[in-house]
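The values are calculated or read from the model by the stated rules, or taken from the named source; none is laboratory data. The structure displayed is predicted, hence computed values, not measured ones. Heads up, the Cβs are rebuilt from the backbone with ideal geometry, glycines too, and the neighbour counts pull from every protein chain shown. The protein model used for the area step is the full one, side chains on, heavy atoms only, and it has no ligands, DNA or RNA in it. Shrake-Rupley method; radii C 1.70, N 1.55, O 1.52, S 1.80 Å.
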Amino acid sequence: MKSNKNKGAQNINIAVLYAEADLHYWGEMERHLGLLAKMHSNVRIWTVNDIDLGVEVKQEIRRELSQADITLLLLSADFAIENVFDEETRILLSNYAAHAGKGRYIMPVIVQDFMWRDQYDDAFDIEKLKFFDRIIENPDNREAIYREITETLSQYIKEIDARSINFVIPTWVGFMGGIMYNNGFVRSRLTPLYKEFKRSVRYELSDNVEETCRLMKAGEADLIWATLDRLPSVLYKLKDKNPKVIAQVSWSNGADAIITRNGITSLEELKGKKVIYPYDSPAFTFLKYVLQEAGMDTFDIVHQPQKDMDLDVICTNFTHDETIDAVVLWSPYVESCLVEVPGTQVIAHTGDYPNLITDVVVATEEFINLNKEELIMLFKGWFAEINRFNEDELYKIGALGVLIEAIIEPLPTIIPSKIKADLIDSLRTYFQSSLEKVHLSTLEENLVFFQLTEEGHSPAAQLYRQFLEFQFPQFLLEPALQWEQVVDRSVVKGIEVE
């Protein structure tokens with residue numbers, strides 16, 4: 001008997017594993033779980049009985065378990081002696097333990113009494129899971145237990161539906177498409193993503209790479225920003241989470257710049273001068289790159305990377321400390337420094353180095369597997385916003401308004417309206433200037449960026465390799481940090497298929 005597969009969009013996957021000898025238990029339980037498919041139209045139920053003829057069983061089970069939000073395990077002695085089921089169950093429990101259970105639910109149901117505690121509990125502590133062991137104790141009352149199992153599963157589904165996608169982005173207009181799709185930073189219920197899957201998106205600002213990586217490690221960020229030039233460092237910090245690049249959102253087209261004072265008008269004149277920039281950031285990449293182009297290196301200057309410091313603080317330090325000869329930042333902080341400090345000028349910017357600093361989105365493999373449909377819908381809408389943005393000048397004005405409103409909304413109500421109005425005018429000026437210095441990537445450009453050439457390399461892979469050689473030679477032989485190991489094209493390709 002095939003499991004119930006309802007029509008329409010389905011983003012919550014329930015996988016059911018059972019031994020052939022226990023098929024009758026699933027037959028009884030399936031009637032109850034079939035109600036879930038009627039109650040929740042976005043639920044898909046898969047069982048081992050759905051494996052098609054000719055498909056490699058172990059590979060198919062592993063694939064389904066990797067994308068299952070909820071896994072129902074009908075445990076018995078017959079189940080335990082099935083090598084495939086036992087092996088895949090151990091992998092599943094290991095992954096669950098490694099991710100502290102976040103984003104995934106596992107429900108063991110003991111359908112036949114056996115030494116299940118010795119079989120699994122010593123290694124994986126499955127007592128921490130919500131499990132049911134009363135079926136064998138109450139054979140005459142199994143229907144009530146099946147109902148209880150169904151109610152628990154329904155609660156899990158509601159919890160998944162209520163979960164937002166947490167996205168950490170920098171203070172940078174390159175992520176405009178996602179903000180417009182969501183109509184701001186807050187969780188919107190007006191997006192196709194919410195209407196279809198009951199999933200919302202919440203944006204959080206952080207320009208600090210260390211903090212951004214910490215949030216993903218802690219499970220507080222599902223998607224994070226990175227620039228391709230610093231990507232090896234980000235991936236290394238997150239290596240235990242198996243991070244993947246899933247999309248390119250923009251590249252700097254003049255937004256990153258070297259700003260000088262004290263009469264310095266060329267790169268050559270920076271020799272021996274004090275230069276500050278945010279540590280472990282694209283600013284350092286840009287500085288190192290343009291110095292190399294000029295036949296110089298960082299040892300030719302007195303460079304002072306600013307660790308664990310907000311960009312506002314770096315701007316303030318440059319503004320008030322005249323001994324600092326230059327600062328390397330990106331918009332809108334570039335514009336702020338030029339306005340606040342008399343006699344400053346830009347001596348180099350990324351407009352002369354197209355595609356050098358490109359912004360990408362990073363997610364863990366676990367999150368991608370569990371949320372593939374949601375990610376496809378999110379970025380489909382994202383790229384649709386970019387198309388509208390590129391084609392409609394009036395739409396750009398509205399987009400700026402959404403971005404500014406998202407930034408000033410958290411401000412206390414006691415701030416006078418005149419101050420808020422001045423702030424809005426200033427932000428509009430800054431972001432308007434920033435938009436002139438960024439290229440927002442389209443779906444078509446993503447397909448080209450990630451597409452393998454006849455030589456077997458994509459433009460993204462070639463650029464990534466350059467940065468490995470240029471800044472991270474220690475990672476050149478690290479297998480886990482090679483491009484094909486850190487890219488996942490499934491989201492972009494999924495949009496193309498749609």
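Below are the figures for this structure:
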read-out: The chain, accessible area per residue, ligands and nucleic acids excluded (1.4 Å, Å²); value: 44
read-out: Radius of gyration and Dmax over the Cα atoms of the chain, both given in Å; value: 26.4, 90
read-out: Cβ-derived FRET efficiency at R0 22 Å, residue 186 paired with residue 417, nearest 0.05; value: 0.50
read-out: Relative contact order of the stretch 58-186, defined on C-alpha pairs under 8 angstrom at six or more residues apart (%); value: 22
read-out: Average Cα contact separation per residue, the chain, under 8 Å, 6 or more apart, as relative contact order %; value: 16
read-out: Equivalent ellipsoid dimensions for the stretch 90-221 as semi-axes, Å, which come from the Cα gyration tensor, largest first; value: 40, 21, 8
read-out: Calculated over the stretch 186-277: convex hull of Cα atoms, volume per residue (Å³); value: 170
read-out: Cut-off under 5 Å, modelled amide H: who pairs with residue 165 long-range; value: 200, 201, 202
read-out: Theoretical ellipticity at 222 nm over the chain - DSSP helices of four or more residues, -39500 (n - 2.57) apiece, nearest 500; value: -13500 deg cm²/dmol
read-out: Extreme residue, positive dipole direction of the chain, given options 83, 14, 243 (C-beta unit charges); value: 14
read-out: Principal axes of the stretch 147-242: Cα extent on each, largest first, Å; value: 52, 32, 16
read-out: Of 215, 253, 194, farthest towards positive along the dipole that unit charges on Lys, Arg, Asp, Glu beta carbons give the stretch 154-268; value: 194
read-out: Backbone HN-Hα couplings from phi across the stretch 306-313 [Karplus 6.51/-1.76/1.60, Hz, Gly and Pro as x]; value: 9, 8, 6, 10, 5, 5, 4, 5
read-out: Tilt relative to the chain, helix 23-39 - C-alpha long axis, 0 to 90 degrees, to 10; value: 50
read-out: Net charge dipole size for the stretch 371-498 [Lys, Arg +1 and Asp, Glu -1 on Cβ; Debye, nearest 20]; value: 440
read-out: The stretch 328-435 shape via C-alpha gyration tensor axes, a/c threshold 1.5; value: oblate
read-out: Reach of residue 158 by Cα under 21 Å, taken over lysines that are not fewer than 8 positions away in the same chain; value: 5, 7, 38, 102, 128, 130, 195, 198, 372
read-out: Net dipole in debye of the chain [+1 Lys, Arg Cβ; -1 Asp, Glu Cβ; about Cα centre; nearest 20]; value: 1040
read-out: Net charge of neighbours whose Cβ lies under 11 Å from the Cβ of residue 62, counting Lys and Arg as +1 and Asp and Glu as -1; value: -3
read-out: Convex hull volume per residue for the stretch 244-386, taking Cα atoms only, in Å³; value: 127
read-out: Mean projection area, nm², convex hull over Cα of the stretch 408-498; value: 10.6
read-out: Of all accessible heavy-atom area on the chain, the percent that carbon and sulfur account for (1.4 Å); value: 50
